[in-house]
1. State yes or no: is ALA236 open to solvent by less than 10 Å² (accessible area, probe 1.4 Å), in contact with a helix residue (DSSP H, G or I) (Cβ under 6 Å, 6 or more places away or on another chain), part of a helix (DSSP H, G or I) and within 21 Å of LEU514 (Cα to Cα)?
2. Looking at the range 339-348 only, could you name the residues that are in contact with a Phe, Trp or Tyr (Cβ under 8 Å, 6 or more places away or on another chain) and surrounded by 17 or more Cβ atoms within 10 Å (Cβ to Cβ)?
3. Of all residues in the range 276-288, which are farther than 24 Å from ALA105 by Cβ and either in a helix (DSSP H, G or I) or away from the ligand (no atom under 11 Å from the Cβ) (or both)?
4. Given the conditions (1) outside the structural domain of VAL437 (by TED's automatic domain parsing); (2) buried (at least 21 other Cβ atoms within 10 Å of the Cβ); (3) more than 7 Å from the ligand (Cβ to nearest atom); (4) not in a helix (DSSP H, G or I), which single one is not true for ASP273?
5. Scan the strands (runs of 3 or more DSSP E) fully inside the range 381-451 and keep the ones with 1 or more residues being among the small types (Gly, Ala, Ser), open to solvent by 20 Å² or more (accessible area, probe 1.4 Å) and outside the structural domain of ASN77 (by TED's automatic domain parsing).
6. Could you list, in sequence order, all residues of the range 243-266 that are open to solvent by 10 Å² or more (accessible area, probe 1.4 Å) and within 8 Å of the ligand (Cβ to nearest atom)?
7. Can you find, within the range 192-207, the residue that is farthest from ILE130 (Cα to Cα) among those that are more than 10 Å from the ligand (Cβ to nearest atom) and crowded, with 24+ Cβ neighbours inside 10 Å?
8. Quick check, is THR187 in contact (Cβ under 8 Å) with a residue 40 or more places away in the chain, of a type outside the set (A, V, I, L, M), more than 21 Å from ALA292 (Cα to Cα) and not assigned by TED's automatic domain parsing to the domain that holds ALA101?
Amino acid sequence: MADDIPHGAAGRFSAWQATYITVLGRTEISYSLEGLNVAVAMEKELLCKDFLARPKQLLIDGKWVNAESGKTFEVYNPATEEVIAKVQEGGKADVDKAVRAARKAFETGPWRTMSTAQRQRLLMKLADAIEAHADELAQIETLDNGKPINESRYVDVVQTVETFRYYAGWATKLEGETINANSNFFTYTLREPVGVVGQIIPWNFPMLMAAWKLGPALACGNTVVLKPAEQTPLSALRIGELALEVGFPAGVINIITGFGPDSAGSAISEHMDIDKVAFTGEENTGRIIVKASAGNLKRVSLELGGKAPNIVFADADIDAAVKGAITGIFFNQGQVCCAGSRLFLESKIHDEFMTKLTERVKQIKQGHGLDDKTVIGPQVSKEQQERILNYIDIAQKEGAKLACGGGTPKDLQKGYFVEPTIFTGCTNDMRIAKEEVFGPVLAVIPFKTTEEVAEAANKTTFGLSGAVWTKDVKKAHKLASQIKAGTIWVNCYNAFDPAVPFGGYKMSGYGRELGKHSIELYTNIKSVWVNLAE
Ligand code: ADP
């Protein structure tokens, strides 16, 4: 059913609707999502076939090169389990080379002396180039990650473009200040780039995470060594090609494909000449990266996991909340750090809500991401599929009651699929309610009072996001302040905008990405004292 799409856009309503229409200039409307009408007219042709056929290399110092080790690894389409590309297995030697190039570009290249207006123009040009290749990039993302093509095209690509445009704007707005501290001195601050930045990103939103990292870092004048996730390196490589085409100077953007531990990832986090590392991924990897960063005490920002409470009160618009629950957990196959994986339902609406929810979920079409009717695609890898199925097993052993799903779809023989799965009768102590499953598995927990649910919502080591569904304004604001998390959605879920900060409390990490807060991550403040005394 069209409006059952567990889309990340629910709640983005008119703002994004306008964006889609101007960005795309298309008139065809094939489905409507909560008032968001988007054109879905994917060309049948595989626009990315030339890119897939080209050899994949590392981007170092403005050139495409092989890994020093000569090693490559295979990249799979998670819907078919077929190899779609071979990429270079970058390691320490390649990271060293990339850091040298980034350092040179930072200290002595044209990037350093370029006017901020030129820097802004380059970022705008990159956004334009991505937009011009939107369908191709969407296909690359779907083939690499598995996500439905409509999401790749109308969420990932669109937000990638918007993120680069937003930060292009910042390039010309960076300012220091003058401070009237003492009349014997002229005192001012300079806002300067941090230097060489290492960026390690995950596989759930490969292109968008690259944009969240590259956009602000480049706008502030840093140079970058980016490592995409080993499962999904392709869209970053294509963006690297486009960045060279639009004229980014050599060494400003370096892209190293490779693995994490004892490989390119750890080489970045340990590197003594990287000034800052930005990481999005698992909590445990975050800890390793913090430890590795201690060598040169480089700055670290972390966006880690979540176990978000999605709280529905009896006075909510139930139909909207049902859609919000679907969006909350099933968007992107549940592979979202801010997924609403704990659904708290006020007891008096529990049964009615569950009937409506399971009826809709059972109709969701699962399949190959390139099929534009697909609403839920495969998980990214066999490893993730197995991990999620294991959690489903654990939930049943711990006494949770299966309301729908619970296995792999019978009609899909190939691919790493997991059915959208809902458990009722859960408690906060069960492992599926405590640990990040990172898949399409929802734990439903009943509650009776506001105090009780506020306490239960916070009974988690994570704090990335949460949501409240109610018509009572007081209750909404009260809970928004009580929930210890970096983002709270009221009567919506997964609303995003490049201007609005995102990040975690507690073990969900530190530092805020997006908005002006990302500028803080990528700049240093220098105070200058000029002696005016006679
Ligand atoms: P997942 O287990 O879901 O793949 P990770 O946190 O392991 O999540 O991966 C996110 C990113 O971190 C990937 O780019 C991965 O290669 C990288 N990574 C994994 N382990 C390390 C590590 N020890 N040091 C640096 N980067 C790592």
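The values are calculated or read from the model by the stated rules, or taken from the named source; none is laboratory data. None of these values were measured; they are calculated from a predicted model. Cβ: placed from backbone, ideal geometry, glycine included. Neighbour counts: every protein chain shown. The accessibility values were calculated without ligands, DNA or RNA, using every heavy atom of the protein model including side chains. Shrake-Rupley method; radii C 1.70, N 1.55, O 1.52, S 1.80 Å.
1. Considered against the rule, which asks whether it is open to solvent by less than 10 Å² (accessible area, probe 1.4 Å), in contact with a helix residue (DSSP H, G or I) (Cβ under 6 Å, 6 or more places away or on another chain), part of a helix (DSSP H, G or I) and within 21 Å of LEU514 (Cα to Cα), ALA236 comes out as yes.
2. ALA339, GLY340, PHE344, LEU345, GLU346
3. Result: GLU283, ASN284, THR285, GLY286, ARG287, ILE288.
4. (2) is the only condition that ASP273 fails.
5. Ranges flagged: 401-404.
6. PHE259, GLY260, PRO261, ASP262, SER263, SER266
7. VAL196
8. yes
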